[in-house]
Every structure is written in C-alpha cells, then in structure tokens.
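The values are calculated or read from the model by the stated rules, or taken from the named source; none is laboratory data. Since the model is a prediction, treat every value here as computed from it, not as a measurement. Virtual Cβ from ideal backbone geometry, glycine too; neighbours counted across all protein chains shown. Accessible surface is based on the protein model in full, side chains and every heavy atom, while ligands, DNA and RNA are left aside. Shrake-Rupley method; radii C 1.70, N 1.55, O 1.52, S 1.80 Å.
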Amino acid sequence: MTSVFKHIASFLSYSENSPLIFTEGSFWIFFTILLAGYSFVYRTNFLRSLYLLIFSLFFYYKSSGYFFFLLIFSTVCDYVLGLLISKSQIHWKRKLYVAISVFINLSVLSFFKYSYFFADSLNSLLGTKYEAFNFLAHWANLLVGSNFDVASIVLPVGISFFTFQTISYTVDVFRRKVKPVTNIIDFGFYVSFFPQLVAGPIVRAAEFIPQLYRKYNLSQREFGYALFLILNGLIKKIVISDYISLNFVDRVFASPLSFSGFENLLATYGYSIQIYCDFSGYTDMATGLALLLGFRLPINFNSPYKALNITDFWHRWHISLSSWLRDYLYIPLGGNRKGKVMTYVNLMVTMLLGGLWHGANIRFVVWGAIHGVSLALHKLWMQLFPHHRFRSSWWKRFLTAFFTFHLVCLSWIFFRGESMSMALDMIRQIGTRFGWQSVWEVLASYVPVLSLMAIAYAVHWFPVKWKEFYRGTFINSNIVAKLAIALLVAIIIFQTKSAELQPFIYFRF
C-alpha cells in the first residue's frame with residue numbers, strides 16, 4: 001500500500017525528468033483518468049470548461065513546475081484587459097489597453113527567452129560585462145525563502161505559443177473580430193487547453209471560444225478520425241522522427257567534419273523529415289485528443305514538402321504561426337499597402353522576427369533571413385512575370401518543387417546546427433568534401449535509417465487521393481479492426497521506442 005501512495009505522490013508531483021508528453025505512458029494514464037471523469041461533466045458547458053481547465057493546469061504543472069503561475073498570470077491579465085477593451089468606447093483608451101496587453105506579454109516572453117541574448121549583444125557592442133539576472137527568482141527567494149538560482153533563467157515550456165495566443169485575443173477584441181469572454185473559467189480553459197498548449201497550433205479565439213458554448217458532439221466517423229490522427233502522430237514521432245534522430249541525424253550534426261559531405265547531405269534530408277514528423281506528429285495527436293473531447297483545432301500542416309515555391313511552403317508549414325505573423329505583424333507593419341520597397345522590407349522584418357521567435361540565436365536569424373529573402377524574390381518574380389505559371393507541365397512542377405525543397409533544407413541546416421560555425425562546416429563539407437568514392441559504402445552502412453527516411457518521404461509525397469483512401473478505410477472499418485490496428489501500432493512503437501525521454505522539438509521554442 002505504501003508503494004502505491006508513493007507512485008501516486010510521484011505522479012502528482014513535478015519532476016523535470018518525467019513530464020507529461022504524448023509519447024510517455026504517464027500521459028495516457030493521465031488521459032484515461034481525465035476521460036473517466038469527463039463522462040460525468042461533458043454535457044454541462046461550465047462544468048466541462050472547469051474540469052478541463054483543472055486538468056490542463058495540472059498538465060502544465062507537470063510539464064513546467066511552478067511556471068504554471070506564469071500561465072495563470074497571463075490568463076488573468078488578458079482576461080481583464082479584454083473586458084476593458086470591450087467596455088471602453090474611447091478609441092485612445094482601447095489602444096492603450098491593447099498596448100498594455102502586448103507589452104506585458106512580450107515583456108514576459110522577452111525576459112525568459114532573450115535575456116541572455118540581450119546581455120551578450122550589449123556586452124559585445126559596449127565591451128561591458130553585464131549578466132542576465134532572474135528577478136522573479138530573486139523575489140521568490142525574498143518572499144518565501146526559496147533557493148532559486150538568480151543567474152539561471154529557464155524557458156517555460158510553451159510560453160511562445162500561449163503568449164501569441166493571448167495577444168491575438170486582445171488584438172481581435174480591439175478589432176471587434178471577437179466578443180470578450182465574460183467568464184474567466186472559459187477564458188482560462190481557452191488559454192490552457194492542454195492538447196495544444198505547449199506546441200500549438202496557435203488557436204485564435206474566434207475559432208475556439210464559440211465551441212465552448214456548443215453541446216458535446218462526436219460522430220462515429222470523427223471518433224475514427226481522432227484515433228487515426230493519434231496513431232498517425234505516434235508513428236511519425238516515435239517510429240520515424242526519434243529513430244532517425246538517434247541513429248543518424250544527431251551524430252552528424254554533432255560533428256559534421258567527422259563525416260563526408262554526402263553523409264552531411266543525407267543528415268540534412270534526415271533532419272528535414274525528422275522535424276516535419278516530430279512537429280506534425282505532435283499536431284496530429286493534439287488534434288485527435290482535442291476531437292475526442294469535442295473540440296476542433298485548425299489544420300497546421302499540409303504536406304509542406306510538396307510546395308512548388310517558398311510562398312506555397314508557408315501556406316503548408318506551421319500554418320497557425322505563418323497566418324499569425326501575417327495578421328498580427330506583416331499587415332500591421334503595412335503589408336503590401338505602402339509600395340513595393342516597403343512590401344519587401346515588411347516581409348524581411350516579419351521573417352527575421354519569426355526566426356527570433358524560434359530562439360535568441362544568430363542561426364535562427366539566418367534561417368528567417370533565408371525565408372524572408374526567398375519570399376521577397378518570389379513576390380518580385382510574380383510581379384515581373386504575372387502570367388507565368390509552372391503548372392503547365394509535370395517537369396516544370398518537379399523542378400520548382402525540387403528547388404523549393406532544397407532551399408528549405410538549406411535553411412534547416414542553420415535551424416538545427418549546434419552553432420553558426422558548425423552549420424557553415426556542414427555546408428562546406430557538402431560543397432567541397434562530398435566523398436563520391438564512398439557513396440555506396442555510406443548507403444550500405446545506413447540501410448535501416450535511409451530506408452525509413454525513403455518510406456517517410458514517399459508517404460509524404462503520396463497523392464492526396466491515396467492518403468484519403470487509407471485514412472477513409474481506417475475510419476470506415478469496424479471497432480475490432482481499429483483496435484487490432486491500434487494494438488499493432490502499439491507493438492511497433494514498443495519495439496522502436498528509445499529508453500531515454502525524447503521531447504518534441506518545438507517544446508524548446
């Protein structure tokens with residue numbers, strides 16, 4: 001009995017080494033308990049929101065410890081400011097309230113995400129020796145006698161996502177695109193909904209809040225689709241992404257000069273499919289879990305490596321972020337309304353800031369710059385040749401897709417590289433020490449990994465009707481067949497799962 005209580009206490013307490021993530025058994029225990037109680041409250045909207053808010057806050061506590069107070073702080077601030085914006089009829093006051101919301105959210109985000117970057121940049125410019133100081137830890141030590149390290153600033157999981165989500169809420173209330181939420185329980189649930197809390201998609205209030213007031217509804221087809229998404233996401237993450245990462249990609253990126261240019265190129269291809277399977281796998285599972293609870297999340301990925309140009313890529317990759325950057329940064333900067341030159345400037349600023357959103361490092365700035373320049377050049381091309389289209393023949397579509405894919409792969413080198421110098425080392429290896437003489441030896445050495453990569457890319461590039469066929473077949477199958485497939489997937493996952501915890505890539509952003 002004592003051991004049982006110890007296990008319960010361990011499950012309820014925060015541990016950095018045992019967060020609740022979709023690929024761990026502890027999460028599915030959590031979700032099973034949640035579903036058991038959910039069956040008693042799902043018919044009443046308020047009880048449903050309160051129940052899921054409590055579980056969502058616990059989920060975030062298990063993921064980030066006492067940082068869940070930060071989530072509550074953000075929730076309360078934007079709830080109050082949303083009401084003030086709505087009730088005020090004076091324009092300058094409305095602008096002031098939304099400015100306060102943006103300032104608070106970006107200040108908190110900047111403190112946790114960019115303190116070291118700002119201190120290092122200032123020291124480089126002025127020759128000073130400033131160090132980042134954790135004021136929150138200092139105040140906590142003074143108030144409650146804790147012993148937090150004031151020199152260490154840890155990035156709370158998911159802060160970039162829920163910060164952008166709450167900013168979009170107050171801005172949309174200001175623009176009168178959405179009515180303010182009058183019940184803080186409902187608003188807290190919207191902000192903290194656990195399936196998409198720590199890695200998106202970024203959900204707009206106008207998309208999600210109306211669902212809070214609808215009756216729970218889940219058809220048999222939707223249940224099948226939710227189960228399909230969860231299984232598909234688990235396969236993407238554990239079977240493909242984690243395996244490729246541990247057995248090939250991480251090794252090459254850790255020491256690019258120890259491998260030939262050909263191996264570096266293969267690792268770049270590997271990371272490209274790894275990050276797609278990792279991130280879209282999370283989105284699939286989040287969407288499936290949300291659907292089981294009666295909520296519909298927006299599409300976040302649409303076969304991005306099928307893109308025919310870089311603009312098309314951003315219509316397919318991390319759609320919730322790209323649309324957020326467009327609506328809340330690019331358009332407010334002026335979009336394409338202030339002349340051609342400013343259009344290109346606004347594109348560059350948007351993508352550079354989009355790069356910085358991912359992390360305070362010059363590598364992410366370069367990643368954003370590659371995409372910003374590419375988007376500007378594509379826009380210029382479309383202006384110079386407005387009637388030119390590459391859809392006329394298959395070989396032209398192939399060439400444009402081939403070029404776009406490799407441009408994106410080039411940017412991933414800077415995104416994933418351990419440092420700027422190591423990213424440049426990878427590019428030099430590919431360009432100057434390709435190792436043609438050892439190509440067949442390399443291929444023979446990595447047969448399992450390369451075969452899995454080839455299968456993943458092949459499925460990614462399947463025609464839409466093929467994907468609809470096997471997805472529809474699963475959805476339309478009887479419950480026995482669904483359970484049999486789920487059991488088979490579980491066995492495959494058990495055989496391939498790493499013993500070490502493998503967090504989702506976007507948890508660090």
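If you take the residues of segment 485-500 that are surrounded by 12 or more Cβ atoms within 10 Å (Cβ to Cβ) and of a type outside the set (S, T, Y), which of them is modelled with the lowest pLDDT?
Among those that are surrounded by 12 or more Cβ atoms within 10 Å (Cβ to Cβ) and of a type outside the set (S, T, Y), it is K497.
If I455 satisfies every condition in (1) among the hydrophobic types (A, V, I, L, M, F, W, C); (2) out of contact with any helix residue (DSSP H, G or I) (no Cβ under 7 Å at 6 or more places or on another chain); (3) part of a loop (DSSP other than H, G, I, E, B) but one, which is the exception?
(3)
Taking segment 475-509, which residues are of a type in the set (F, W, Y) and not in a helix (DSSP H, G or I)?
Hits for segment 475-509 are F504, F509.
Report yes if S152 is small (G, A, S), closer than 26 Å to H358 by Cα and part of a helix (DSSP H, G or I), otherwise no.
Taking the combined requirement at face value, the residue does not satisfy it.
Among the residues that make up segment 114-121, is at least one of them closer than 26 Å to L197 by Cβ and not hydroxyl-bearing (S, T, Y)?
Yes, some residue in segment 114-121 is closer than 26 Å to L197 by Cβ and not hydroxyl-bearing (S, T, Y).
When I493 is evaluated against the numbered criteria (1) in contact (Cβ under 8 Å) with a residue 60 or more places away in the chain; (2) of a type in the set (V, I, T); (3) farther than 21 Å from P19 by Cβ, which criterion, by number, is the only one it fails?
Unmet for I493, out of (1) in contact (Cβ under 8 Å) with a residue 60 or more places away in the chain; (2) of a type in the set (V, I, T); (3) farther than 21 Å from P19 by Cβ: (3).
Say we look at segment 67-80 and pick out the residues that are touching a helix residue (DSSP H, G or I) at 6+ places or on another chain (Cβ under 6 Å) and either over 16 Å from Y328 (Cβ atoms) or among the small types (G, A, S) (or both); which of these is modelled with the lowest pLDDT?
F68
Might you check whether a residue that is part of a loop (DSSP other than H, G, I, E, B), closer than 24 Å to I238 by Cα and not aromatic (F, W, Y) occurs anywhere in segment 410-418?
yes
Picking from A267, A307, A286, which residue would you name as being crowded, with 23+ Cβ neighbours inside 10 Å and over 18 Å from the mean Cα position of the chain (by Cα)?
The match here is A267.
Looking at segment 432-460, I want the residues that are open to solvent by 80 Å² or more (accessible area, probe 1.4 Å) and have a partner that is of a type in the set (V, I, T) and assigned to a helix (DSSP H, G or I) with Cβ atoms under 9 Å, at least 6 apart or on another chain. Which pairs are those?
I455/I240
In segment 95-108, is there at least one residue being open to solvent by less than 40 Å² (accessible area, probe 1.4 Å) and of a type in the set (D, E, K, R)?
Within segment 95-108, not a single residue is open to solvent by less than 40 Å² (accessible area, probe 1.4 Å) and of a type in the set (D, E, K, R).
Can you give me the number of residues within segment 168-185 that are touching a residue at least 40 places away in the same chain (Cβ under 8 Å) and either open to solvent by 10 Å² or more (accessible area, probe 1.4 Å) or touching a Lys or Arg at 6+ places or on another chain (Cβ under 6 Å) (or both)?
Within segment 168-185, residues that are touching a residue at least 40 places away in the same chain (Cβ under 8 Å) and either open to solvent by 10 Å² or more (accessible area, probe 1.4 Å) or touching a Lys or Arg at 6+ places or on another chain (Cβ under 6 Å) (or both) number 9.
Among residues belonging to segment 214-261 that are among the small types (G, A, S) and either touching an Asp or Glu at 6+ places or on another chain (Cβ under 7 Å) or surrounded by fewer than 15 Cβ atoms within 10 Å (Cβ to Cβ) (or both), point out the one that is farthest from L410 (Cα to Cα).
For segment 214-261, the residue satisfying everything is S219.
Among the residues of segment 310-366 satisfying the criterion of being part of a loop (DSSP other than H, G, I, E, B) and charged (D, E, K, R), which is surrounded by the fewest Cβ atoms within 10 Å (Cβ to Cβ)?
Per the stated criteria, the residue is R337.
Test F390 against the stated conditions and say whether it is modelled with pLDDT under 95, touching a Ser or Thr at 6+ places or on another chain (Cβ under 7 Å) and open to solvent by 60 Å² or more (accessible area, probe 1.4 Å).
It is true that F390 is modelled with pLDDT under 95, touching a Ser or Thr at 6+ places or on another chain (Cβ under 7 Å) and open to solvent by 60 Å² or more (accessible area, probe 1.4 Å).
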